[in-house]
Amino acid sequence: IRKYGAETVRSGGLKVYTTIDPRMQRAANRAVDETLYYDDDPASAITLEACARAVTELADVGLMAMVEPLPYTRDASGRAVWDHDPVARLRAVAVSSGLGGTSAYTWLKVPASADIARVASATTLPLLLLGGPIGPDPAATFAAWEQGLAEPSVRGLVAGRALRYPPDGDVAGATDAA
């Protein structure tokens, strides 16, 4: 309003350009609603509040928060296990992106996956890819890393054990292939 005046703003004719995808924003809003009020896990809200406080306190002193939005679910025995559902991953990324009083010092660490473009579009935060285990098809893992690193918001890769402990034991070969 300061720049254009109240009359111009109210009368219309202005064009606003944004990188926000309205579909993804609606999904993020639903995710927050669904995530904050899990009846089966009363600790969710407490955990989110504690994480938000930590992110804020780090930002207050200019330190980076590295947040890993990894969704978990419970298996038949009640153990917490990683939830591979892409929607759960998007929900976790969207909720994690809003933690704290500011996101100026927050980065997200996310698994390299086939849906990394969707994950990247669910946040404006910088991302680091988690390489994870190489698995039975090293070429597919390396392709997922390459695809992920092509995303503009992905700033790097934490290869970790994937290169230190390749299935065939050939560290130099795995590093060269990556």
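The values are calculated or read from the model by the stated rules, or taken from the named source; none is laboratory data. Bear in mind that the values here come from a model prediction, so they are computed numbers and not experimental data. Note that each Cβ is placed from the backbone with ideal geometry, even for glycine, and that neighbours are counted across all protein chains shown. For accessibility, only protein heavy atoms count, side chains too; no ligands or nucleic acids. Shrake-Rupley method; radii C 1.70, N 1.55, O 1.52, S 1.80 Å.
Between GLU146, GLU151, which is open to solvent by less than 60 Å² (accessible area, probe 1.4 Å) and without any contact (Cβ under 8 Å) to a residue 60 or more places away in the chain?
On the way: GLU146 fails: open to solvent by less than 60 Å² (accessible area, probe 1.4 Å).
Going through GLU146, GLU151 in turn, the sole match is GLU151.
Enumerate the strands (runs of 3 or more DSSP E) found wholly within the range 46-103, keeping only those where 1 or more residues are out of contact with any Ser or Thr (no Cβ under 6 Å at 6 or more places or on another chain) and among the polar types (S, T, N, Q). Walk me through how you get there before you give the answer.
Numbers: elements: 65-67, 72-74, 80-82.
Once the strands (runs of 3 or more DSSP E) in the range 46-103 are filtered for at least 1 residues that are out of contact with any Ser or Thr (no Cβ under 6 Å at 6 or more places or on another chain) and among the polar types (S, T, N, Q), what remains is 72-74.
I want to confirm something. Restricting to the range 60-84 and keeping residues that are more than 14 Å from VAL110 (Cβ to Cβ) and out of contact with any strand residue (DSSP E or B) (no Cβ under 8 Å at 6 or more places or on another chain), which single residue is surrounded by the most Cβ atoms within 10 Å (Cβ to Cβ)?
Step one: of the range 60-84, the residues more than 14 Å from VAL110 (Cβ to Cβ) are 60-65, 72-81.
Narrowing further to those that are out of contact with any strand residue (DSSP E or B) (no Cβ under 8 Å at 6 or more places or on another chain): 60-63, 76-79.
On the way: ASP60: 12, VAL61: 7, GLY62: 8, LEU63: 9, ALA76: 6, SER77: 6, GLY78: 6, ARG79: 9.
By that ranking, first place goes to ASP60.
If you scan the range 55-98, which residues turn out to be farther than 18 Å from ASP115 by Cα, of a type in the set (A, V, I, L, M, F, W, C) and without any contact (Cβ under 8 Å) to a residue 40 or more places away in the chain?
VAL61, ALA76, ALA80, VAL81
Restricting attention to the range 85-103, and to residues there that are open to solvent by 40 Å² or more (accessible area, probe 1.4 Å) and not acidic (Asp, Glu), which single residue is nearest to the chain's Cα centre (by Cα)?
Restricting attention to the range 85-103, the residues satisfying the condition of being open to solvent by 40 Å² or more (accessible area, probe 1.4 Å) are 85-87, 91, 98, 101-103.
Applying the additional criterion that residues be not acidic (Asp, Glu) yields 86-87, 91, 98, 101-103.
Details: PRO86: 11, VAL87: 12, ARG91: 9, GLY98: 11, GLY101: 18, THR102: 16, SER103: 13 Å.
The qualifying residue nearest to the chain's Cα centre (by Cα) is ARG91.
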